[in-house]
1. Testing VAL39 on (1) of a type outside the set (D, E, K, R); (2) buried (at least 22 other Cβ atoms within 10 Å of the Cβ); (3) over 22 Å from ASP635 (Cα atoms), one condition comes back false. Which one is that?
2. Just name the residue that is surrounded by the fewest Cβ atoms within 10 Å (Cβ to Cβ) out of those in the range 340-398 that are farther than 22 Å from THR435 by Cβ and β-branched (Val, Ile, Thr).
3. Could you say which residue among LEU328, LEU350 is at pLDDT 90 or above, touching a Phe, Trp or Tyr at 6+ places or on another chain (Cβ under 6 Å) and not in a loop (DSSP other than H, G, I, E, B)?
4. Test of understanding: among ILE58, ILE111, ILE71, ILE119, which residue is within 26 Å of ASP210 (Cα to Cα) and crowded, with 16+ Cβ neighbours inside 10 Å?
5. Would you confirm, using the coordinates I've provided, whether ARG498 is within 40 Å of the chain's Cα centre (by Cα), at pLDDT 90 or above and either farther than 13 Å from CYS457 by Cα or surrounded by 14 or more Cβ atoms within 10 Å (Cβ to Cβ) (or both)?
6. Determine whether the range 538-551 contains at least one residue that is at pLDDT below 85, touching a strand residue (DSSP E or B) at 6+ places or on another chain (Cβ under 9 Å), among the small types (Gly, Ala, Ser) and assigned to a loop (DSSP other than H, G, I, E, B).
7. Every residue in the range 807-844 that is without any contact (Cβ under 8 Å) to a residue 40 or more places away in the chain and closer than 22 Å to SER387 by Cβ, please.
8. Mind checking which helices (runs of 4 or more DSSP H) fall wholly inside the range 732-791 and carry at least 1 residues that are charged (D, E, K, R)?
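The values are calculated or read from the model by the stated rules, or taken from the named source; none is laboratory data. Just so it is clear, the structure is predicted and the values come from calculations on it, not from any experiment. Every residue, glycine as well, gets a Cβ built from its backbone with ideal geometry; the counts of neighbours run over all protein chains shown.
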Amino acid sequence: MKSNFQFSNLCGTVYRQGNIVFTPDGNSILSPVGNRVSVFDLVNNKSYTFPFENRKNIARIALSPNSTILISVDDDGRALLVNYKRATVLHHFNFKKPVTDIQFSPDGKYIAVTHGSHIQLWRTPGHLIREFAPFTLHREYTGHFDDVVSITWSADSRFFLTTSKDMTARLFTVDPVEGYRPKTFAGHRDTVLGAFFSADHKEIYTVSRDGAAFTWRAKPSESADSDEESEDESVEPVASGSHQVASLGLDNSIVNTRWGVAERHYFMQPDTKVVCATFHPATSMLVVGFSSGVFGLWEMPNFSNVHTLSISQEKISSVAINPTGEWLAFGATKLGQLLVWEWQSESYVLKQQGHYFDMNTLSYSSDGQHLATGGDDGKVKVWNTTSGFCFVTFSEHSASVSAVEFAKQGQVLFTASLDGTVRAFDLIRYRNFRTFTSPSPVQFSSLAVDPSGEVVCAGSLDTFEIFMWSVQTGKLLEVLTGHTGPISGLAFSPTGNRLASTSWDRTVRVWEVFGRSKNVEPYQLNSDVLTLAFRPDGKELAASTLDGSISFWDVDLGKQTGLIQGRKDISGGRKHDDRITADNSSSGKSFNSLAYTADGSCVLAGGNSKYVIIYDVKDGVMVKKFQISHNLSLDGTQEFLDSRNMTEAGPLSLVDTAGDESDLEDRIDRTLPGVGRGDLSKRRTRQEARTKAVRFSPTGRSWAAASTEGLLVYSLDESLVFDPFDLDMDITPQSIVATLAEREYLRALVMSFRLNELHLLRRVYEAVPPSDVRLLARQLPVVYVQAMLRFIAGHVEKSPHVEFHLLWISAILTAHGRFLKDRSAEHAAVFRALHKGVSDFQQNIAKTCDENTFALLYLIGQANSNAKAQQAAEDETEMEIEA
């Protein structure tokens, strides 16, 4: 089995914190998810996550105007310089202070970064000239007395506005101008969150946290409104000399303007604060997000409210506008929401939300196209594995969802919850069509569905019983008793004749549920059993125990065939409040989720650790270890702790030193009557890096893990590993290209398979004429049939040559159908991958045709009418000739 799985996507989380950014073409949006960056393509309906990771959760991101450079900065001020097109990290840099805003200049030459109460201007790396040091400091600007909050550039990249917690905004020039002092815009009574230039640069708008919006314009030369003048305005000299003005061109008005408050406006949102604001100069639209989940759209400078809408129950953390001004993007930190709103049509372009609490469980559909997840928030979400988007959310459960399972046949999803219900959902009509309950209320912890989809079983935490229902009638068929501890796992054999259950009573029981004898085979283990999994052929069973070991059993013989001691493999990572080292902290580490690979040769194991491990079943050795996260914002990701961060009050990371920042400033003391002090409960908590569930895709090309970071998907990357097959000295890339030039397609195809270089294989494959496909498929050696189908399955989703792929698939299945059918179990993963790719094509074509049915009917009608008119004209001409 191939083990070169690479991180490919993060599905379960769409927004965590920080700012969201539109790409310059306006078709995609970048969102920080923990210490990674996800890209949501709004036009092609796809999402993907970059493979690089920051040290901690990302605080700010910035994309260059030409979409070549991406900078992501974490909570500590450590930045990654990334090639956006190739998703490659070019440089690591430390700004040495937390960054509240970072902005590229419109011409892409400079990067403005907040640095406490200062602003630093850096030259953009690699702009026209190559430098040894990627970051070169151009200038540092001072003048604010408190932390700088935001930076806004002018359209010509010569000026920028900054706002600060000192309740002022300031106007700076990039290069020094003789006689010019930075202008100060004072008058607000709270933190100024944003300052923006109008399109003609004759007005400046400032927005403060208390809901005030000021419009600043040029004062008359002999203004008497001295009370509205700022302190700097009354004394600063105007730039003198004609050469100064000439050098600035059209921007001399900005330098020479004596700015004053022209209008004061207020948003009039009671009991709420402004959290974020942005401005679109071309349309003069001001967008403001409030702490109540409401956003407003105002047209400036008239301050006319276009509309106000509530889109969330929590505060809106970030807002962005696309370059055309049509789409507004919002991010809400507490609920993990990402919304894109088209304000003219008043409709959602994108509406995504992750689980509010941890994900508990996940399950792949039989064709691998869909992923279902259940969380502590009681919600069940179904994700499209191709696009990475959640397309339906079920919220019928009133407590934590403990297990989800797809039926092997049909579009049905079963879920079990601690609220005492097992529910069946129809994925075509998106409704809960059946609810199963027990005679007395119990909490369900595990779930299993038989291969036919007609029987569903659930295990309880309270009564230690297994309940069995009929899906068609909804009636309780039987209650299986015998366990003396909570049921921790259930699974039907793939053949459907056996049900296996695990419990904390240190036993695994195999039930002949459909047989007359109702035999029960108990397997005794040395520790509490946490989970189990059947091999795809149903002949072997794997069970994980609390002592960190995995035992394998032959189901037919009832004998143990293997044991893996995995505690040392899964151990690692020291939490901030641990008093023992990472090497000695393996006592609590165990695997709480197991999954066999599609061919049954390996088993995937994950648990309360930062590692997910693949073991070879036959040899009992570790094949590969994956670390799910390197995020230092999570507990358990470090092997060694820094003793300098230990204080008398405990670890420095757990001490609340944020003061009045972020959500802490919005917290109201929840006091009881008569209590003299406020809320003294602990507010600094750290999530632990761990996985609660792992599953292999039925296609065998990817696996998913429900982790603290979200739903992590790892896929095979054929381009990363050189894996030749039956290689010979004469087979080289040059010889393959020469053979292809001689139009010996079959020989070139076989040679490219033996070399197994993906780009060469694709080149040869696409060079075959469609008329020769059936002949080549008949002559293709049997040993290369599976490799050919696997290549087409991986290539079918990325290539536009739909008919060409279908022609190859049809030809291979026709020519080698009997061979493939006789070995259907061996090729099952390839068949599922092919089915997934072809089904995606079918859905896309069907959707396009459904949306254009009337247009197609019109075109057909026009063609028919034109044909009739042409025929009538020809008949009339013939009649005239005959006459």
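1. If we test VAL39 against (1) of a type outside the set (D, E, K, R); (2) buried (at least 22 other Cβ atoms within 10 Å of the Cβ); (3) over 22 Å from ASP635 (Cα atoms), just (2) comes out false.
2. VAL349
3. On the way: LEU350 fails: touching a Phe, Trp or Tyr at 6+ places or on another chain (Cβ under 6 Å).
LEU328 is the lone residue from the list that is at pLDDT 90 or above, touching a Phe, Trp or Tyr at 6+ places or on another chain (Cβ under 6 Å) and not in a loop (DSSP other than H, G, I, E, B).
4. On the way: ILE58 fails: within 26 Å of ASP210 (Cα to Cα); ILE111 fails: within 26 Å of ASP210 (Cα to Cα); ILE71 fails: within 26 Å of ASP210 (Cα to Cα).
Only one candidate passes the filter, namely ILE119.
5. No; evaluated as a whole, the condition is false for this residue.
6. Initial filter on the range 538-551 (at pLDDT below 85): none.
Within the range 538-551 (the criterion being at pLDDT below 85, touching a strand residue (DSSP E or B) at 6+ places or on another chain (Cβ under 9 Å), among the small types (Gly, Ala, Ser) and assigned to a loop (DSSP other than H, G, I, E, B)), the answer is no, since none of the residues qualifies.
7. Those that are without any contact (Cβ under 8 Å) to a residue 40 or more places away in the chain and closer than 22 Å to SER387 by Cβ: GLN842, GLN843, ASN844.
8. Per the criteria, 745-755, 758-767, 773-779.
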